[in-house]
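The values are calculated or read from the model by the stated rules, or taken from the named source; none is laboratory data. All figures in this text were calculated on a predicted structure; none of them were measured in a lab. Please note: Cβ atoms are built from the backbone with ideal geometry, for glycine as well, and neighbour counts cover all protein chains shown.
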Amino acid sequence: MPVPMDFRHRHRKAARLARKHGFAEAMTRHAAVFYPRGDTLIVGFDNMKSREQPAPAFPWGYAAIAKAGHSHLGIMMSRRNDWFRHRDVVDFFDHLKSSGFFKQFHRVVFFGASMGGYAALCYCAASPGADVVTFSPQTSLDPATVPFETRYPKGLARGDWECGVTDGAVGARTARQVMVFADPYHSIDVAHIARLPGRNLRWMRCPNFGHSPARVMKHMTVLGPSLRAAWKGQLSPSAFAKMQRAHRFTAPGLTREVLLRGLETGHAGLVLSTIRSLEAAHPTWSFPRIAGMAQEQLAQAGRAAA
């Protein structure tokens, strides 16, 4: 079946493949593609970096979800990031709910990171009793609701905040369980988590992972196992902590985040000496950008003192 021309070029292959057994729907700013596989459905949302993915683009998490054998409803960004705040997306999920689409699955999991995590929290209301698995999600961009959130003014300006569930903390009340992977030292992300209902919250603490825990977890080779267990509802905070400890020093991803945290707190000298020790102990590790930032920070401090 031919893919309609209103699909943007980078999404056409994903849509064509979805239409073989499922469906694909183009919207004003977004695209939805459904791949039926098993009786667990993962409803995934793109994140801000998804638009940088070269064509052909598939929805975020596509390969991992396909490997796990789960059905997949992917919501992709077609234009500028707007936190999935568009009437088309609201109407799409309203239709899925009223048509009973979600009832055909034994288990439904809404899934996303940051902007996509916000969407997962809001749109899970279309399938009450679903689970949510998110990485560092926002609960809102509304200054009246979350005055501490100032990172995404363009997203706030582009989105329609008058339709549907606009507060992720409200959507989360309809979920069976909300699992959040986030850094307990990232103050803004923690403020969002504090707004989520405690009765169904499982916080997978990712200390010093920053705002992109999925990226660090991938470097540590724990992302895949964590997601497979999370999608089944079988991951506990203690099991995740044990997994972290076992893989903490197997890749430089987490170390890079810790070094950056050292720069943020003004410890450039300590960062440089740590880099030298790390590169001596791990010859394949290299942190030239961070070392350069540390040297510049020290130079600025020297000029200020002169």
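What residue, among those in the range 279-301 that are assigned to a helix (DSSP H, G or I) and in contact (Cβ under 8 Å) with a residue 24 or more places away in the chain, is nearest to the chain's Cα centre (by Cα)?
Only one residue fits best here, namely ILE290.
From the list ARG261, ARG228, which residue is surrounded by 14 or more Cβ atoms within 10 Å (Cβ to Cβ), assigned to a helix (DSSP H, G or I), not aliphatic (A, V, I, L, M) and not assigned by TED's automatic domain parsing to the domain that holds PRO137?
After applying the criteria, what remains is ARG261.
Please verify whether GLY61 is more than 21 Å from the chain's Cα centre (by Cα), farther than 21 Å from GLY159 by Cβ, in the same structural domain as GLY168 (by TED's automatic domain parsing) and among the small types (Gly, Ala, Ser), treating the condition exactly as stated.
no
Going by the structure shown, is TYR152 assigned by TED's automatic domain parsing to the domain that holds ALA229 and modelled with pLDDT under 95?
Answer is no for this residue.
For the range 1-107, list the strands (runs of 3 or more DSSP E) that sit wholly inside it and hold at least 1 residues that are under 26 Å from VAL222 (Cα atoms) and touching a residue at least 40 places away in the same chain (Cβ under 8 Å); which are they?
Those strands (runs of 3 or more DSSP E) span 40-45, 71-77.
Looking only at the range 253-278, count every residue that is more than 28 Å from LEU223 (Cβ to Cβ), aliphatic (A, V, I, L, M) and without any contact (Cβ under 8 Å) to a residue 24 or more places away in the chain and tell me the total.
Result for the range 253-278: 1.
Residue check, ALA304 against (1) assigned to a helix (DSSP H, G or I); (2) at pLDDT below 90; (3) closer than 30 Å to PHE111 by Cβ, all met but one. Which one?
Going through (1) assigned to a helix (DSSP H, G or I); (2) at pLDDT below 90; (3) closer than 30 Å to PHE111 by Cβ one by one, ALA304 breaks only (3).
Quick one: is GLY233 of a type outside the set (A, V, I, L, M) and touching a helix residue (DSSP H, G or I) at 6+ places or on another chain (Cβ under 6 Å)?
Here the answer is no, as GLY233 does not meet what is asked.
Quick one: is PHE45 surrounded by 15 or more Cβ atoms within 10 Å (Cβ to Cβ) and under 29 Å from PRO213 (Cβ atoms)?
yes
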